1. Between a first residue in region B:281-297 that is facing chain A (nearest Cβ under 8 Å) and a second residue that is open to solvent by 70 Å² or more (accessible area, probe 1.4 Å), which pairs have beta carbons less than 6 Å apart while being 6 or more apart in sequence or on different chains?
2. Have a look at A:Ala242, A:Ala252 and point out the one that is in contact (Cβ under 8 Å) with a residue 12 or more places away in the chain and not acidic (Asp, Glu).
3. Filter region C:90-119 for residues that are in a loop (DSSP other than H, G, I, E, B) and touching a helix residue (DSSP H, G or I) at 6+ places or on another chain (Cβ under 8 Å) and give the result.
4. Among residues belonging to region C:113-129 that are within 24 Å of C:Leu159 (Cα to Cα) and within 7 Å of chain B (Cβ to nearest Cβ), point out the one that is surrounded by the most Cβ atoms within 10 Å (Cβ to Cβ).
5. In region B:263-273, which residue that is surrounded by 18 or more Cβ atoms within 10 Å (Cβ to Cβ) and within 13 Å of chain A (Cβ to nearest Cβ) is nearest to B:Leu4 (Cα to Cα)?
6. Here is a check on your reading of the model: is B:Val75 surrounded by fewer than 23 Cβ atoms within 10 Å (Cβ to Cβ), assigned to a helix (DSSP H, G or I), within 10 Å of chain A (Cβ to nearest Cβ) and of a type outside the set (Asp, Glu)?
7. Considering (1) assigned to a helix (DSSP H, G or I); (2) open to solvent by less than 50 Å² (accessible area, probe 1.4 Å); (3) away from chain A (no Cβ under 14 Å), say which one B:Gly60 fails and leave the rest.
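The values are calculated or read from the model by the stated rules, or taken from the named source; none is laboratory data. Quick caveat: nothing in here was measured; it's all calculated off a predicted structure. A quick note on method: Cβ atoms are made from the backbone with ideal geometry, for glycine too, and the neighbour counts reach across all protein chains shown. SASA here: full protein model, heavy atoms, side chains in, ligands and nucleic acids out. Shrake-Rupley method; radii C 1.70, N 1.55, O 1.52, S 1.80 Å.
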Amino acid sequence: MKRSLDTRVVLRALVVFLVAAVAVTWVLSAQSAATPDPVTVASAVSADAAAGDAVTGQAGTAEPSVSSEVAPTPEQTAVSDSQSRVLQNVFNGVVFGLMLALASVGLSLIYGTTGLSNFAHGEQVSLGAMLAYFFATDQPVGIPLTPLKFVIGWPLWMAAIAAIILAGASGWVQDRFLWGKLRKRGVGIVQQMIVSIGLSLALLNFLQWWIGPNRIRLSKSIEVRHQVGPIQVGNITLMSIAIAAIVLIAVAIFLQRTRLGRATRAVSDNRALAAASGIKVDFIIRLVWVMAVSLAALGGILMALYDNGTKFDIGAKLLLLMFAAVTLGGLGQAYGALAGSLVIGVVVETSTLWLGPDLKYATALAILILVLLVRPQGILGRAERVG
Amino acid sequence: MGDLFIDVVREAFTPTTAAFALAAVGLNFHFGLTGLLNMGQAGFMLLGMYGFAITIREGGPIWLGVIVALVLAMVFGLLLGWPTLKLRGDYLAIVTIAAAEMVRYLGRSQNFNALTGASTGIRGNEFKEPFEQLSPFPDRMVDVGPFALHGARSTSWWLVVVAWALVAILVVIFWRLSRSPWGRVLKGIREDEDAVRSLGKNVYSYKMQALVIGGAVGALAGVVWSLGASVQPDSMGRPTTFWVWTLLLLGGAATIFGPVLGSIIFWCSLVLVKGLAAMWIPDSVLSQQQLEPFSLVLVGVTLMCLVIFRPQGVLGDKRELAFND
Amino acid sequence: MTDTNPFANTLHEPGAAKEDPIIIADHVLRRFGGLTAVDVDHFEVQRHAITALIGPNGAGKSTFFNLLTGFDKPQRGEWLFNGTSMKGISPAKVARAGKVRTFQLTKALNRMTVIENMRLGAAGQRGENLFAAFLPSLWRQREAEITEKAHELLHRFTLYEKKDDFAGSLSGGQRKLLEMARALMSEPEMVMLDEPMAGVNPALTESLLDHIVKLKNEGVSVLFVEHDMHMVRRISDWVVVMAEGRIIAEGPPDTVMKNAEVQEAYLGVHHDTDLSEESSS
C-alpha cells in the first residue's frame with residue numbers, strides 16, 4: 001500500500017523538521033542572548049579533554065571519548081587545523097560505526113528472521129563487556145546472591161573469548177527457553193516486543209547489581225598512539241578495527257557463500273516459503289540468536305577497549321543508535337545494518353564539530369526519525385513487496 | 001516490621017504513585033483503547049514538567065503553566081503522530097522512543113542551560129512556590145494517623161490531595177470516553193484498523209486524537225511529579241516509560257481502574273520488596289546499594305511474566321485470553 | 001430472478017455496458033514492482049443485481065477489489081460510483097458514500113462484543129465525535145436506534161443469542177455472518193463481499209446465500225469475489241471473469257463458463273473449478 005516515496009509523506013516530514021528546527025533555533029538564539037558564545041558553552045563541557053588549553057578550547061575539539069584519557073599536547077593541537085579535525089572525527093566515526101555494526105547486524109538478523117524489534121539487544125552488548133571484565137579484572141568479583149568473592153584475572157584475549165562463548169550460550173538459552181516458546185505459543189509480535197522490554201529492564205539492572213554502577217576498564221595499559229597523516233590512532237584501536245572488519249567480512253561470507261547463510265537469508269525473505277522448501281526455520285532462528293548475541297558481545301568488548309572503559313548501561317545508550325542504523329539500512333537487511341552503522345557512526349562523531357558532545361546521540365536519533373518519516377523501508381530496503 | 005507496613009501504605013498514596021497512575025491513564029488512551037505503541041510517555045511527561053516549571057520560573061501564573069505543559073505535549077503528539085500514524089505500529093514505537101530520548105538529550109544539553117538547567121534540571125524552589133502558597137493546610141509537618149507529611153512543601157498533604165483529585169477526574173474522563181461511541185471506534189481500531197476503515201471511520205484522525213489526549217495526560221503526570229520532586233531530565237529516561245508500561249499491564253490495559261491499581265501495586269510492592277530484602281538478606285549477599293537494581297530486576301521479570309502469562313492484568317477480562325492474537 | 005431481466009440487452013463481452021450501472025471503471029492499472037496485478041480497460045456493475053467476480057488464483061480479483069474500495073491506489077485509472085469519481089478517495093469516504101466491503105480474511109473485532117461490533121457499523125452517530133462523547137444526552141437516542149437496528153439484523157443472521165459474547169469466540173462462519181451484518185448497519189447502497197464463503201462450513205453456506213439474495217431483493221447491489229462455482233451459479237445474475245489482471249469474459253453464469261477463453265484460463269491453472277482456497281494476490 002505504501003508507495004516508494006510518497007510526496008505527501010516527504011512534505012509531512014519536512015514540515016515536522018522545519019517546526020523542530022525553528023523551535024531549536026529560536027531557543028538557541030534566546031540562549032545566545034543570555035550567554036555570549038555557544039561555542040564556549042559547548043567546549044566547556046569537554047573541558048576534561050581540553051584541560052583548559054586555549055587552542056583546543058576555542059576550536060571546540062572534543063574527540064570526546066577517545067582522547068579523554070590522553071589529552072593532546074599543545075604542539076599537536078597547534079598543528080591540527082580544522083581539516084584534520086574533520087578527518088579525525090570522520091575516522092573516529094568509521095571506527096565507531098564498525099563496532100556499532102557488529103551489534104546492529106545481529107539486531108537486524110533477528111528482526112529479519114523473526115520480526116521482533118528486540119529492545120533487549122543493547123543489554124547483550126553490555127553483557128559481553130561485563131563478562132569480559134568479570135574474567136579479566138584483577139579486582140575481586142562475585143556472583144549475585146552468593147557471598148563469594150574471588151579474582152579470576154585471566155589475560156584479556158582469553159577473557160574476551162570466554163565472554164563471547166558465554167554470551168553466545170546465553171543467546172541459545174534465550175531462544176530455547178523464551179523466544180522459541182513464545183513463537184510456538186503464537187504470542188504476537190507486539191507482545192514479544194514488550195517482553196523484550198521487560199528483559200532489557202531486568203538485564204540492565206542485573207548487570208548493575210552484579211558489576212556495580214561505576215565505570216570499569218578492561219585493560220590497564222595506556223595506549224601507544226601513532227600519528228598517521230592527520231589522524232591519531234592507538235594500537236588497541238587498530239587491532240579492534242582489524243578484528244571488527246574481519247568478523248564483519250566473515251559474517252558476509254557466511255550469509256553469501258554457505259548453505260546455512262543462504263538458508264538464513266531465505267528465512268529472512270519469506271519465512272513461510274523457506275519452511276515450505278524444507279529449511280528448518282527454528283534451527284536457523286536459534287543460530288541467528290546465538291550469532292547475534294555473540295556479535296553484540298564482541299562489539300561491546302571492542303567498544304570498551306576503544307573507549308578506554310565502559311559501564312553497565314553502555315548498551316542501553318547504544319540501543320537507539322542501533323535501531324537508527326538498522327532502520328537506516330532497511331529493517332531486516334544485514335548489509336543495510338552495516339551501511340547504516342557506518343553512516344550513524346560518522347554522523348555521531350562529526351556532529352561534535354558543530355554541536356556539543358552531549359548532543360551527539362541526539363543527531364543520530366534525528367536521522368532515525370527523519371528516515372522513518374521519509375523512507376520507512378530504509379536506504380537499501382525494497383520499495384515494496386510484490387503481491 | 002510495623003514500620004515497613006506503614007511505609008508500604010504510605011507509598012500507596014504518595015504523589016509519585018499518583019503521577020504514575022496519571023501517566024498510565026494517558027498510556028491507557030494510547031495502548032489500552034487504541035493499541036498505539038507509545039514508547040515515549042516519559043518524553044511527554046518531561047515536556048509537561050519543563051513547560052510548567054519554566055513558565056512559573058519566568059513569572060507566569062499556575063494556570064498558564066499547566067496550559068503550556070498541556071499545549072507542549074499536544075504539539076509534540078501532533079508532530080509525532082502526523083507522519084507515523086499511517087505507518088505500521090512498531091514504527092510509532094521506535095519514533096516515540098527516539099523522540100522522547102531527544103527531548104531528554106536536548107533538555108540536558110549545555111546549549112540550553114539557561115532555559116532547562118541542563119543536566120541538573122530545575123530545582124524545586126525555582127517553581128514550586130506559587131503552588132505551595134495555595135495550600136489550605138498549615139505550613140508545618142502534619143500527622144494524620146501514623147503518616148507524617150508537610151502541610152504545604154514538596155511531597156505534602158496538599159500535593160497528595162491535588163494529585164489524587166486529578167487522578168480521580170481523569171479516571172472519570174477515561175470512563176466517560178471509553179464507554180462512548182468515540183471510545184468504541186478507538187477499540188475497533190485497536191482490534192483491526194482496516195475493518196474500522198471499511199465501516200467509514202477516519203482511522204487516522206481517531207488515532208491522532210488518542211495520541212494527543214494521552215500525551216496531554218502524560219504532561220499532567222509530569223507536572224504532578226515535578227511538584228513532588230524537581231525537574232530532572234534523567235529521571236525521565238526510558239526506564240520511566242517502561243515502568244509506566246509495566247504498571248498499566250499489571251493493572252489491566254483498557255480497564256478503568258487498571259492504571260490506578262497498577263500504580264499502587266507497583267510502588268507498594270517495590271517498597272515491600274526492598275524492605276523485606278533489607279531485613280532478611282544479609283548485607284554480604286545483597287548490599288544496600290544493590291537493593292535498587294535488585295528490585296528493578298524483579299520489575300523487568302514481572303513485565304515479562306505479565307505479558308506472557310496474564311496479558312489482561314489484574315482487572316482485565318479473562319475471556320479475552322482465549323483469543324489473544 | 002426478477003421478471004424484467006436488466007441484462008436482457010447486455011452484450012456478453014468483456015467491459016460490456018450495463019443498463020443502469022452503479023460502478024463504472026476505466027483504464028485501471030495497478031503494478032507491484034514489475035508485476036501487473038490489475039489492468040482493466042472498462043468495467044461496469046449493474047445496479048440492484050448480484051455480480052460475481054471470478055477467476056483463477058492470482059487473477060487480480062482481490063487487488064481490483066481493494067482498488068475499488070480505496071484500500072489500494074492504482075498507478076492510473078478512473079472509476080465512478082453512483083456517478084461520483086472515487087479516484088484517490090479514502091476507504092472511509094468510500095464506505096460513507098454507500099459502498100461497504102467485507103474481507104477475505106474475516107475482520108471481526110475480537111476483543112469487542114458482537115453487539116459492539118454491530119454498533120460500530122452504524123453511520124450518523126454524533127457520539128463518535130470526541131467532544132460530543134462527553135455529553136451522553138447528545139447521542140443516547142441515536143444509540144438506542146442503532147441498537148434496535150443491530151438486534152434486528154442479529155436476529156436475521158441468527159446471531160442474536162451471541163450478542164454479548166466477544167466476537168473472537170465465534171466460529172469462522174459466524175464471524176463471516178457478523179461481518180456481513182455489520183456491513184449492513186450503515187444501510188449501504190452496495191456491498192462488496194470478498195470471498196464470503198471462504199472457510200464457512202457447509203451448514204452455514206445455504207443461509208449465507210439466502211442472505212445475499214435477500215439483500216438484492218431489498219434493493220442493495222452486490223459485487224462479490226468467489227472461488228466456489230456452485231455458489232456463483234446459484235445466486236449471481238451476472239459473472240465477470242478475470243485472468244492475469246484483465247477481464248476476459250462477461251455473461252450470465254450458465255453461458256460464461258462455456259466460454260473457451262474462460263475454460264482455458266481455468267484449466268491452465270486448475271483442472272477442478274471448485275476452488276476453495278484463498279487467492280494469493
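1. If the second residue must be open to solvent by 70 Å² or more (accessible area, probe 1.4 Å), the pairs left are B:Ser284/A:Pro147; B:Val285/A:Leu145; B:Val285/A:Pro147.
2. A:Ala252
3. Our first condition is that a residue be in a loop (DSSP other than H, G, I, E, B); within region C:90-119, this holds for C:90, C:97-98, C:102-112.
Correct list: C:Ser90, C:Thr102, C:Phe103, C:Gln104, C:Thr106, C:Lys107, C:Ala108, C:Leu109, C:Asn110, C:Arg111, C:Met112.
4. C:Gly121
5. Filtering first and then ranking leaves B:Leu270.
6. On the way: surrounded by fewer than 23 Cβ atoms within 10 Å (Cβ to Cβ): yes; assigned to a helix (DSSP H, G or I): yes; within 10 Å of chain A (Cβ to nearest Cβ): yes; of a type outside the set (Asp, Glu): yes.
So B:Val75 fits the description; yes.
7. For B:Gly60, the exception is condition (1).
Listed here are the residues, each with its yes/no results for (1) modelled with pLDDT under 85; (2) assigned to a helix (DSSP H, G or I); (3) open to solvent by 40 Å² or more (accessible area, probe 1.4 Å).
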{"site": "C:His211", "(1), (2), (3)": "no, yes, no"}
{"site": "C:Leu215", "(1), (2), (3)": "no, yes, no"}
{"site": "C:Gly219", "(1), (2), (3)": "no, no, no"}
{"site": "C:Val232", "(1), (2), (3)": "no, yes, no"}
{"site": "C:Ala249", "(1), (2), (3)": "no, no, no"}
{"site": "C:Gln263", "(1), (2), (3)": "yes, yes, yes"}
{"site": "C:Gly268", "(1), (2), (3)": "yes, yes, yes"}
{"site": "C:Asp274", "(1), (2), (3)": "yes, no, yes"}
{"site": "C:Ser281", "(1), (2), (3)": "yes, no, yes"}
